[in-house]
1. Considering only segment A:101-135, state which residues are away from chain B (no Cβ under 11 Å) and either under 19 Å from residue A:151 (Cβ atoms) or modelled with pLDDT under 95 (or both).
2. When you go through A:189, A:214 one by one, which is the residue that is among the β-branched types (Val, Ile, Thr) and either within 30 Å of residue A:131 (Cα to Cα) or not in a loop (DSSP other than H, G, I, E, B) (or both)?
3. Please specify each residue of segment B:309-331 satisfying the condition of being out of contact with any Leu (no Cβ under 7 Å at 6 or more places or on another chain) and within 15 Å of residue B:346 (Cβ to Cβ).
4. Can you report the number of residues in segment B:188-215 which are of a type in the set (D, E, K, R) and facing chain A (nearest Cβ under 9 Å)?
5. Let me spell it out: the conditions are (1) free of Cβ contacts under 8 Å to residues at least 60 places away in the same chain; (2) closer than 30 Å to residue A:430 by Cα, and residue A:318 meets all of them except one. Which number is the exception?
6. Answer yes if at least one residue in segment B:339-349 is hydroxyl-bearing (Ser, Thr, Tyr) and in the same structural domain as residue B:253 (by TED's automatic domain parsing), and no otherwise.
7. With more than 7 Å from every other protein chain (Cβ to nearest Cβ) and of a type in the set (Val, Ile, Thr) as the only criterion, which of B:62, B:142 stands out?
8. How about segment A:14-38: which of its residues are surrounded by fewer than 24 Cβ atoms within 10 Å (Cβ to Cβ) and assigned to a loop (DSSP other than H, G, I, E, B)?
There are 2 protein chains.
Amino acid sequence: MTAHQIVLGLAITDGYGALHGSWRAPHVPADAYADIEATIRHARAAERGKFAFLFTPDFPAVRGDIEGDTLSNVMDPIVSLTAIARATERIGFVATGSTTFREPFNQARQFKALDVISHGRAGWNAVTTSDPAVAANYGRPVADRQERYQRAHEAIQITQALWGSWEKDAWIRDKDAGRFLDPEKLRPINLGGEHVASRGPLAIPPSEQGQPVIFTSGGPSPHLLTIAGRYASGFITEVWTIEEARAQRRMIREAARDAGRDPDEIKYIVGLMTTVAPTVREGLDRRIALSGGIIEARLPHLNAMLGLRLRPEQIDDPLTPEVLAAAHSSPADPRSGIALAVAREGWSPRDVLAHGVIDYHPTVVGPGERHADHMQEWFEAGAADGFWISPDIYEDGVDAFVDEVVPLLQERGIYPSEYPGTTLRENLGVPAQYGLDPRIGDGGGAR
Amino acid sequence: MTAHQIVLGLAITDGYGALHGSWRAPHVPADAYADIEATIRHARAAERGKFAFLFTPDFPAVRGDIEGDTLSNVMDPIVSLTAIARATERIGFVATGSTTFREPFNQARQFKALDVISHGRAGWNAVTTSDPAVAANYGRPVADRQERYQRAHEAIQITQALWGSWEKDAWIRDKDAGRFLDPEKLRPINLGGEHVASRGPLAIPPSEQGQPVIFTSGGPSPHLLTIAGRYASGFITEVWTIEEARAQRRMIREAARDAGRDPDEIKYIVGLMTTVAPTVREGLDRRIALSGGIIEARLPHLNAMLGLRLRPEQIDDPLTPEVLAAAHSSPADPRSGIALAVAREGWSPRDVLAHGVIDYHPTVVGPGERHADHMQEWFEAGAADGFWISPDIYEDGVDAFVDEVVPLLQERGIYPSEYPGTTLRENLGVPAQYGLDPRIGDGGGAR
């Protein structure tokens, strides 16, 4: 890994796709949520496209419209990714694991076991959890922010210390001498803070990458910036504009520098939703076909974003020059500028909405080139080190991205043609670490 | 699955074997502990022998002589068994999971996800944890017995209720109607007790066996008997004599009856260590070759068991008629009677010890027939419904058992020639259950 190149991750959720209604597409298996073989197909497609990692966002509670929509999680991040690890060779795994509702010893043990079994391909997206629906599943109240982040520092430090508690050369395995392990090199950590503690050691040897890679994710609050700056090798976020992304990336890199690290040690990965189709029109039709009533339901939101008063019966009429002249983007919503730009291309309100202007991430619809252009622009503007891709429909959307977008990125020299190495750390381009980072003090953490 | 037949499980630990020094055998890979491929070979061998399940005992702390001996655990039960699930078709998995140190929601989620991914082959060995070394890894004091068992009742009930919270016909998946799930059939459980609670629901559909099978294990204290009687379909134990085993099995069955269940719903599974060899002599030599100094070190213990005062230099001399006449078994140690019977066969003290008379379980050494005889005797005496096998050395010991012992059991009609079904529940011969057992009241549990 020499040149600075884009890093790609693939969001792995419930097996259907990012598009509302993706589960209803005729070619999508209706039971993909419970069928690990479906997700394995998507993982293998991403591996064909040299994706560095699969990423399982996780919200361990049921929310939203479960009657009309799907569940947005894998059944269980560790179980699902372990199964996928057995069916892949190079792609990494970044599993979300709550610092609030999991025991550090269990978390450390499962992630390092996955790392060893996958030969150095595991990463941990360490996040705090504040949602009352999740807290209720653990029979606990929501802790305040100060407590959640204090526990997060403690949990991450304990986890990393446990990972390092089996020293790299502890495992002697000398059959003749009858020495299995050097007891001087598998030792307790005796680390604890206000909320969690562990004695250790953890009896798991180093993997090919030493220990799992730490990620974190969310909006860059001061609390989260401290977590990211001190521990994370990857920061996963949702951001709408290049300007906002550049500012965030600068903050993240500054946080790493403040913690005594090289800013290049942390990769800033932004979300992107994709619909790869021969033409924009075909892409929009693919999206509209599965949208159910959601596009119509979003018209009032589009009106608010653009300062318009379009009526439902106008949803299929291209916007007139007069309407467009009156339109303006709402400063309250970062997506408004994108919506306005799309509207000015002459689409109907339905088509504007089908562009994904009111979704979780920026969305690209159309030929591979449009996707490659988007990523190249963000990457070269310093707005992202990489992207985590949420395809509209997994079943064919990953293959389409790999076949139509990846080759363009490779031709442009901004994406690798082969995996740089065999481990997640190598494929991300982040440095080795084993145990706690000696550059990071214990301020605010476990001791 | 018609006749009453023996159920077999294979202990899965660190990849080496039950014999002290197994890791030093020339044909054993020294890195088996971290090499899941080694354990997969053993699992596949057991599957060839129609074993109903793999069982991972688990002690989540480092103990004992790690310099000279191995670690006695898999790296992580859930991660290891999920990886093995992908490499096998029929064999089940019984993973130990602490009710004391794991969150019920996480436990319920991971076991049911493994159950779905393995198409109905998962079981949970639900145990309390009282060891200070384990508690220290979680930064907590050891809770008293009353509290541990109260939490265990709550944790098991919450887990089973979460498993049933996705009702069997909740998943509509009607693409035309746009109905994914019936929200009336995926509902909160709102169950809690003094120590743990969860709102739910858990968004995982039924597996082919509905939900994981509950096991428990340990010595039959009154507290554990209540757990076993109310919830368990399998009871895993270590017991030395037929008499003791019959008495325990009666107690377990009585506990099930007391809880309103049919005693045949709970399988009593006893431990057995195996060395399959063409002759007893060859088996003893295989064991002695790897024993390091442990046999010599155990001579004083043998003296105490038999009321003798043998000196180290006598370890290779067969016991004289005078010594044997003076020997008597110590009533303080249930293994003494076995040791005395072996001594009377005319072996030297070294050979008596090499018979495994001071080990965790009864040990059989020699031809397949001796193993089959042992199991048949216990089974027909009502001392066991099955056995969990700890082979001396995994690398060839599982194959030897499958090739030399299993066919004899099959010829004798006391062991199945094919898997009775595809799920753990079918292969154990235990009835269906989904959610909480309606026959079990909530006395002492969650509410």
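The values are calculated or read from the model by the stated rules, or taken from the named source; none is laboratory data. In this text the structure is predicted, and so the values were computed from the model without any measurement. No Cβ is skipped: glycine too gets one built from the backbone with ideal geometry, and neighbour counts run over all protein chains shown.
1. A:124, A:125, A:126, A:127, A:128, A:129, A:130, A:131
2. Criteria check complete, one pass: A:214.
3. B:314, B:316, B:317, B:318, B:319, B:320, B:321, B:322, B:324, B:325 - these are the residues of segment B:309-331 that are out of contact with any Leu (no Cβ under 7 Å at 6 or more places or on another chain) and within 15 Å of residue B:346 (Cβ to Cβ).
4. The total comes to 1.
5. (2)
6. no
7. It is B:142.
8. A:14, A:20, A:25, A:26, A:27, A:28, A:29, A:30, A:31, A:35
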